[in-house]
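Visitor: This is the structure I have questions about; it appears just below.
The values are calculated or read from the model by the stated rules, or taken from the named source; none is laboratory data. Being a predicted model, the structure only gives us computed values, none of them experimental. Note: ideal-geometry Cβ built from the backbone for every residue, glycine included; neighbour counts use all protein chains shown. Ligands, DNA and RNA are excluded from the accessible area calculation, which covers all protein heavy atoms including side chains. Shrake-Rupley method; radii C 1.70, N 1.55, O 1.52, S 1.80 Å.
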Amino acid sequence: MENIKYYYRISENFHRYTMKNEQRVNELKNLYALVKEHVGHETLDLACGGGILDFILENDGKSCTGIDINPDMIDQAEEYARLTWVKGKIFSR
């Protein structure tokens, strides 16, 4: 089981959903720009992955709570939040 976790953590798919993937970050920034006027002040992001959308919303003054079943994704989001001083709320299970 540990071998599977290790492979998953180093695979391209793992980082696809984290702030380390600039292409994905830019895609979500562009999507948010299109729907921004329809997004409320408080948002719940289910299956948030590494929290990309949450951080985009937080940077725009929104309050966002991200939830994901994968604790590794939550760890990535929390690491990014610590490094950038973002106050997003990210939870696992």
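Visitor: Being among the basic types (Lys, Arg), out of contact with any Cys (no Cβ under 7 Å at 6 or more places or on another chain) and under 19 Å from residue 13 (Cα atoms): is that true of residue 82 here?
Guide: no
Visitor: Residues in the range 11-34: is at least one in contact with a strand residue (DSSP E or B) (Cβ under 7 Å, 6 or more places away or on another chain) and surrounded by 10 or more Cβ atoms within 10 Å (Cβ to Cβ)?
Guide: Taking every residue of the range 11-34 in turn, none turns out to be in contact with a strand residue (DSSP E or B) (Cβ under 7 Å, 6 or more places away or on another chain) and surrounded by 10 or more Cβ atoms within 10 Å (Cβ to Cβ).
Visitor: Can you pull out the residues in the range 47-84 that are under 17 Å from residue 24 (Cα atoms), open to solvent by 60 Å² or more (accessible area, probe 1.4 Å) and not small (Gly, Ala, Ser)?
Guide: 59, 80
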